[in-house]
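The values are calculated or read from the model by the stated rules, or taken from the named source; none is laboratory data. Every value quoted in this text rests on a predicted model; they were computed, and no experiment measured them. FYI the Cβ positions are ideal-geometry reconstructions off the backbone, even for glycines, and counts take in every protein chain you see. Side chains are part of the model used for accessible areas, which takes the heavy atoms of the whole protein and leaves out ligands, DNA and RNA. Shrake-Rupley method; radii C 1.70, N 1.55, O 1.52, S 1.80 Å.
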Amino acid sequence: MASAAKQAKMTADKEMVMPAVDHCAHWVQRKKRYCKMTPNKESLFCGAHQQPGEKSPEDDPQTERIPCPLDPKHTVFKRKLAKHLSICNARDQSSNFPYLVKDINAGEELEAQLETELELKLHELEDAEFYGVIKKVKHLYDTHIAGNIEQLQLEHPSLEEPLSHKEYGPEARKHLVQTSALLGILERDKQLAEHTSYIEFGAGKGQLAFYLATALESQQLKHSQVVLVDRLSLRHKKDNKLTNKQQVQRIRADIADLNLTQLPELQRTQRHVALSKHLCGAATDLTIRCILGDVACHTNYILIALCCHHRCSWRSYVGKLWLQAAGISRREFTIIAKMVSWAVCGSGLSRERRKAIAEAKEEQSREEEEEQLPQVEATQRLSREERETIGYQCKRVLDQGRLEHLKAHGYEASLKFYVPREVTLENVVLLAKRENTKCNLNKS
């Protein structure tokens, strides 16, 4: 029944927005629109979405497209299949490069995830469990975190010129301000130095790497480099605009599989700095595992702007021992990872719950709604401000577990507010340092 309703909605969406004459007729469900690529001659579809078995107007069998064996969501020319399989984004690269080892940083294998964890919904929890988790979170926050996060809001001169552009919109300026703040911290801590590899994890389009490389070039640090790590191959990469191409290396790899010790690019320098701007959820824990597993490379400085704690996973999370010592179970971790969204999602409700409430208000008056829903779920007994506070505390508790793990491995670790909340609600950065007698910052 549900699938039929979903299909009907998809059909209705398509009928509301017909493809332009010069656009491909493939419906992109994720974006709720048609593909904007130009269709092939005498075809309704572009090359990427040409239907399996469809041939060119010349009826040349060499132009036939088939579903990609690695990812049937896209098609490929049959005659070019062998070459495509060697470069397809869906391919398993672990067997091709010695620095890629499947799940080397993924964490310990776990038994199959419990069905109750997969389907856990906050509004369906019993009050005793719901408020019990909140009580534990508040206790941990008050004991270990409250009042310990200092302001560290700096700027870097390499961003002065782009930030002066009045034509940039709020979104573009927000990212520039964050990049400037992160580079300012590196400058303050004397981390812009020779013979250093700066490894940007989850680099994306490389804006942070671009301005970092610009700063290194302006200071004539010719023996340092920036290494970008991302699992996807993206278009319009910022690092492509750098004049000194030799100063930047881009590695396509999933952080879960990356063995830094075997990465040849890192053999060129004597010390390493790990950094990232908004490394989502589990990727932060994968990065910490990756760094700590690289004992030969001596990464002694870490700077990670944190976000998306709702994407944390029990398997990869590095602070499990600390949480368990504090009485937090695996199930309670899952609950905490769901509560964190309250800190940044506005109303404090999930998209599904907001939609359900909006539909209920459209169908009946407030009085009828109150009569029909007398049993208010636990999440709704909290005010929006209370949910926001609890969500924020859940984030910091998860981060504290990461700090404790880094401290156990010889790092001096802390959290800092690196930009104002007006710039982004995800304004906390994880900063970790470790003294390393084998690395000399002043060596040139």
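Want the number for K31 to Q151: 0.36 nm per residue separation, take away the alpha-carbon distance, what's left?
39.3 nm
Roughly what would the spin-label model give for D71 and D103, points 7 Å off Cα along C-beta, in nm?
Result: 2.1 nm between the two label points.
Over the stretch 117-214, what percent of the accessible surface lies on carbon and sulfur atoms, probe 1.4 Å?
Its accessible area is 51 percent carbon and sulfur atoms.
Bins of 10 Å, beginning at zero and ending with the bin holding the largest distance: percent of Cα pairs per bin for the stretch 216-283, please.
Here the calculated profile for the stretch 216-283 is 15, 50, 32, 3.
Calculate the spin-label point distance for E386 paired with S233, positioning each point 7 Å from the Cα along the beta-carbon direction, and give it in nanometres.
Going by the 7 Å Cα→Cβ label model, 5.3 nm.
Given a Förster distance of 41 angstrom, what is the FRET efficiency for H175 paired with N96, based on the Cβ-Cβ distance and rounded to 0.05?
According to the calculation, E is roughly 0.80.
By per-residue mean of other Cβ atoms within 10 Å, what is the highest-first order of 73-84, 172-183? Please list the in-between numbers first.
On the way: 73-84: 14.2, 172-183: 19.9.
Peptide ranking by packing, descending: 172-183, 73-84.
Quick one: if the Förster radius is 22 Å, what FRET efficiency do F417 and S329 give, using the C-beta to C-beta distance and rounding to 0.05?
0.10
If amide hydrogens are placed 1.01 Å from N in the peptide plane, which non-local residues have theirs closer than 5 Å to the one on H278?
Those qualifying (amide H under 5 Å, at least 5 residues apart or on another chain) are A305, L306.
Given the whole protein assembly as supplied and a 1.4 Å probe, what does the accessible area of F45 come to in Å², nearest 10?
The accessible area of F45 comes to roughly 40 Å².
Provide the per residue accessible area, probe 1.4 Å, for the stretch 148-259, rounded to a whole number of square angstrom. Mind dumping the intermediate values first?
Details: 5480 Å² over 112 residues.
With all protein chains present, the stretch 148-259 gives 49 Å² per residue.
At 25 °C and a viscosity of 0.890 mPa s, what translational diffusion coefficient does Stokes-Einstein give for the stretch 279-336, taking Rh as the Kirkwood radius over Cα pairs? Give it in µm²/s as a whole number.
Once the numbers are plugged in, D ends up at 197 µm²/s.
So for each of 99-106, 331-338 I average, over its residues, the number of other beta carbons within 10 Å; can you give me the resulting order with the highest mean first?
With the highest mean Cβ count within 10 Å placed first, the list reads 331-338, 99-106.
Return the long-range amide H neighbours of V227 (sequence gap of 5 or more, or a different chain), with a cut-off of under 5 Å between placed amide H atoms.
Placed amide hydrogens put Y198, I199, E200, Q249 under 5 Å from V227.
Given the Cα-Cα distance of E119 and Y131 and 0.36 nm per residue of separation, how much length would full extension add, in nm?
Once the chain is fully extended between E119 and Y131, it gains 2.4 nm.
Using label points projected 7 Å from each Cα along Cα→Cβ, tell me how many nm separate L425 and Q51, to one decimal.
With each label placed 7 Å out from Cα toward Cβ, I get 4.5 nm.
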